[in-house]
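Taking it in order: structure first as structure tokens, then the write-up.
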Amino acid sequence: MKKNGWIPTVCYQCKAECAILVRLEDGCIKEIRGNPKARGKACVKGMAGISLEYDKDRLTRPLKRTGKRGEGKFEPISWDEALNIITDKLKSLKDRGEAHKLTANFFPHSITDPKWRFLDAYGGFINTALPHCDSGKIVACIKTMGGVPNHHIPPAWFTVPKDGIMIMSGRHAFGGLDDASAPGHILDAKARGAKLVVLDPIFTADAAKADWWIPIKPAGDTAFFLGMIQHIIANDLYNKKFIDKWVREGDFNKLKNYIEDKTPEAMSKICDVPAADIKKLATECAKAPSVGVDSFKGIMLGQALDFGHAWTIFLAVTGNIDNPGGQPLPDLTPMTPVEPVPVGPDLNELGWHRTGKDKESFSNYSFIMEPTWYQAQAIKNGDLKVLINSEANPALTEMGHKEWRDAVCMVDDNDEYKLELLVSYEIMLSETSKYADLVLPDKSYFERWELLYMPWWYNFGKGVLLRQPVVEAPGKCRHSNEIFIELGKRLVPEYFTFKDDVEYYDIQLAGLGLSVKKLQDMGGLWSPRTMGFRKYEKNGGFGTPSGKLHLYWEDLEGVNQAMPRPGLAPEYEVNIDKYPFILISYRTIFHAGAGQWTHNNPQLRDTVSGFFENPVLINKSAATKLNIKDGDNVTMSSRTGQIKCKAKLTERIRPDCVGLVHGFGSTVGRTATMGQGVSDNILIPDSGSTLDWQDVVGGESHVSTRVRIEK
Amino acid sequence: MKQLSLMIDLSRCIGCKTCIVACRNFHGLVDYEAALPNEIPFYLRVESKREGVYPEISVNSWVMPCQHCKNAPCIKACKADAITKDPDTGIVRINKEKCAGEKDCIEACPYSVIQFNKQENYAHKCDLCFDLIHAGGIPVCVETCMTDAISFGEKEVLRQRAQDEGKDILKKMSAQSILYVQNPTAS
């Protein structure tokens, strides 16, 4: 047992993974803090991690399905039996030449996450348990700027100078995910004289602190930024020196020609922001010492590829790349590769995301991940045979999750499930586990080793964080990484010659002159403490093929996306008369995704310290026209689903929108099932059967689904 | 007068409730295995004021702990003399041993901040982390506030700092021992 006192480790109540201290007393976790040697903050979810750790609902032994998928009936089994079932199935899949029909659905904690290593070695695919809009924006950043997928990287708010501009475009930085220190850094920058501008159809906590809230139409962000770019160029306000030196020759002229008619007046009609406001912000941005745009996990993800493109062009014309207060281009930490390094299957050749009705269109793009929500389609097509899930909840997270649930329950002519094996690692039973053949008891983030060194979220320079076991796991819990390593030793042993996860991390740390033990003794973190600026100057340019910024994407000429298209997401135009409102799926700081770690957490569902249920937000004036009063029970319908929920009348949302917090609606869990929580994904159309545009624009219809509300 | 205080800056409070959970953890208010939502005691809560009509709206948030009243009604209401105002700190404290569980203080409290432990029959509330501050620490809500919206110190010094920093003191909200401040609003 560890000694009493404060132990440094890393939170995983959400994907920001903040450095924390855990106070241990007689073997029990008593308190959590942000680690002052990192950025010193933890959020409410982090503080409530203790409730997760000791919840009665924790799973402690492997379970095997006894009823039908979806019934949630299980019997306990041994780890040996569970591992043998998985090993046998994966062996037979590989023998059939169908290793690529394995997908593991998880958030990789690094690009060398042991789970990912197993997939690459075995020949399966990863789903990142993140939306496809990620993929679209990552691709946009790679295409324009090269290098790491930096849309994950918000501006380093602590670097914003006086008079700098901070733009949250559909981004809830006060709602979590960057780092718990980010809200304080934003307020500090404001106190120094920087300006906070929030573009959002909902008046968020960020908007409450903003100098300027712009209640833009959902998915209008591409048009808004194009309007700003047009104004900046037309009025010679662009950063000429930066463009001359760093933009690929010819691209700026192509942009000038393209943007000519994307005037603030024209774009105003699309995004519903007055042209004068577009011009005003554009002028301010052009004159400001820095502009940082955060638009990662927001609600404006209508067409992420187009938006990512407009976003990066905007940064280029204002010269706000890798400068203090602008868009950082983070460094990669030089870890030692663990030889032999496995090479994963060819996504273009074998990936199942290209099996749908837009297969041909998709081949035009260079998305680097399978869209998570295409699992249902892949199962129907016979392209997904084994699905292993961890730290994700697709049965509730997927757009049109009924389609996912139906697909995993689909049987062939022999009455066998088309998805031959569904395994879910769980801290506690979830919606997804109800459908799993095997439910495996995972270790919490307080009980396991993990090495974190990736430059995503609020990490900018080189650095390593160590997640270490603080307490022992209950019962027979084993971390999914331990199990993937064991599966690796059984199925692809040449790639798994190291003893265990700690030895794997030791090898990777050797390049930094570190080991797990040394890192642990140092306090669990290592960093040279620099992020650096304008590194492209010293590096001889950007990571693009030309070394310059590519504003024009010639490879997408054929699909009319060589330049960003200003239009709203196609779903916006469907059945406008029948479904007059746009549904916005939004987030709060109290919950991360649809996971049980926050939704089944009593402190995060408690009305005083969290968010209990998710009534639909309706603007008061719109509600009055429908004779809906605060607290009324209403029916909300889309073209693919219907829910009943309470109405909450507010002034904090556009009158043509309604808002629903994402992630509710669990039918499992002592706490998660309390209150009137409803799932937004019942209303949002699925991608496989209903929508055929999302994967080709890198989009999500979380901001573009049309709904009707009736009393 | 000796009075310890918290200064709560509405310009920095984002209503994230981090302090509430951190406070509960520190004071051992949560039975982690059995707790259910809406039944867990709390020593401070978030309140907010929403004003205006779309799109001209504002939302301000703040935390409401025990106000450690100047003439605390809870002290007067308690027949068991279990509640005192500490002369060295101005902190209003409930003596658990003396508390008879009559709940008169809960009735009397104008800020609804006193909690009641049914199992052990006593009232309890924020004591500004009495033991912690005597050992040189700062209250947990101050230490853990995600945006550094809460400051701790002697009331007079905090008031002086607010004035020096050009913050407006919200007099009506600051009627007792806790100070509420914000940046001057543009006129």
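So if I check each of A:Leu83, A:Leu52, which one is more than 14 Å from chain B (Cβ to nearest Cβ), of a type in the set (A, V, I, L, M, F, W, C) and outside any loop (DSSP other than H, G, I, E, B)? Answer to the selection: A:Leu83. Taken over the range A:544-573, the criterion of being closer than 30 Å to A:Ala623 by Cβ and open to solvent by 70 Å² or more (accessible area, probe 1.4 Å) is satisfied by A:Glu573 alone.
Just one of the listed residues (A:Ile628, A:Ile643, A:Ile582) is within 13 Å of A:Ile709 (Cα to Cα) and not in a strand (DSSP E or B), namely A:Ile628.
Within the range A:25-56, the set of residues being open to solvent by 40 Å² or more (accessible area, probe 1.4 Å) and either touching a Ser or Thr at 6+ places or on another chain (Cβ under 6 Å) or of a type in the set (Asp, Glu) (or both) comprises A:Glu25, A:Asp26, A:Arg39. For the range A:670-696, taking the residues that are open to solvent by less than 10 Å² (accessible area, probe 1.4 Å) and outside any loop (DSSP other than H, G, I, E, B), the one that is modelled with the lowest pLDDT is identified as A:Asp695. Residues that are out of contact with any Lys or Arg (no Cβ under 9 Å at 6 or more places or on another chain) and open to solvent by 20 Å² or more (accessible area, probe 1.4 Å) were ranked within the range A:574-587; the one that is nearest to the other protein chains (Cβ to nearest Cβ) is A:Tyr586. Just to be sure, is A:Gly70 loosely packed, with under 13 Cβ neighbours inside 10 Å and away from chain B (no Cβ under 14 Å)? So A:Gly70 does not fit the description; no.
Looking only at the range A:197-212, how many residues end up being of a type in the set (Asp, Glu) and in contact (Cβ under 8 Å) with a residue 24 or more places away in the chain?
Residues meeting the conditions: 2.
Filtering A:Gly663, A:Gly659, A:Gly595, A:Gly631 for residues that are within 14 Å of chain B (Cβ to nearest Cβ) and of a type outside the set (Ser, Thr, Tyr) leaves a single hit, A:Gly659. When each of B:Tyr54, B:Tyr43 is tested for being touching a helix residue (DSSP H, G or I) at 6+ places or on another chain (Cβ under 8 Å) and in contact (Cβ under 8 Å) with a residue 12 or more places away in the chain, the lone residue that passes is B:Tyr43. Look at B:Lys125 and say whether it is at pLDDT 95 or above and either more than 13 Å from the chain's Cα centre (by Cα) or of a type in the set (Phe, Trp, Tyr) (or both). Taking the combined requirement at face value, the residue does not satisfy it.
Would you be able to say whether some residue in the range A:619-641 is touching a helix residue (DSSP H, G or I) at 6+ places or on another chain (Cβ under 7 Å) and either open to solvent by 30 Å² or more (accessible area, probe 1.4 Å) or farther than 20 Å from A:Thr204 by Cβ (or both)?
There is at least one residue in the range A:619-641 that is touching a helix residue (DSSP H, G or I) at 6+ places or on another chain (Cβ under 7 Å) and either open to solvent by 30 Å² or more (accessible area, probe 1.4 Å) or farther than 20 Å from A:Thr204 by Cβ (or both).
Scanning the range A:391-436 for residues that are free of Cβ contacts under 8 Å to residues at least 40 places away in the same chain and of a type in the set (S, T, N, Q) turns up A:Asn414, A:Ser424.
Candidates A:Pro324, A:Pro289: the one that is within 30 Å of A:Gly532 (Cα to Cα), surrounded by fewer than 24 Cβ atoms within 10 Å (Cβ to Cβ) and touching a Ser or Thr at 6+ places or on another chain (Cβ under 8 Å) is A:Pro324. For A:Lys499, the conditions (1) surrounded by 14 or more Cβ atoms within 10 Å (Cβ to Cβ); (2) closer than 30 Å to A:Thr60 by Cβ all hold with the exception of (1).
Only a single item in (1) open to solvent by 10 Å² or more (accessible area, probe 1.4 Å); (2) touching a residue at least 60 places away in the same chain (Cβ under 8 Å); (3) assigned to a loop (DSSP other than H, G, I, E, B) is not met by A:Val608, and it is number (2). For the range A:329-360, the candidate set comprises residues that are polar (S, T, N, Q) and crowded, with 17+ Cβ neighbours inside 10 Å; within that set, the residue that is modelled with the lowest pLDDT is A:Thr355. Counting only strands (runs of 3 or more DSSP E) that sit completely within the range B:1-91, those holding 1 or more residues that are surrounded by fewer than 20 Cβ atoms within 10 Å (Cβ to Cβ) and away from every other protein chain (no Cβ under 14 Å) correspond to B:83-85.
Which of the residues spanning the range B:130-163 are among the acidic types (Asp, Glu) and within 14 Å of chain A (Cβ to nearest Cβ)? Selection gives B:Glu143, B:Asp148.
Of the numbered conditions (1) under 25 Å from A:Ser701 (Cβ atoms); (2) away from every other protein chain (no Cβ under 12 Å), A:Arg652 satisfies every one except a single condition; which is it? For A:Arg652, the exception is condition (2).
The values are calculated or read from the model by the stated rules, or taken from the named source; none is laboratory data. This one's a predicted model, so the numbers in the text were calculated from it and none came from an experiment. For neighbour counting, all protein chains shown are included, and Cβ atoms are generated from backbone atoms with ideal geometry for every residue, glycine included. Just the protein is used for accessible areas: all its heavy atoms, side chains included, with ligands, DNA and RNA removed. Shrake-Rupley method; radii C 1.70, N 1.55, O 1.52, S 1.80 Å.
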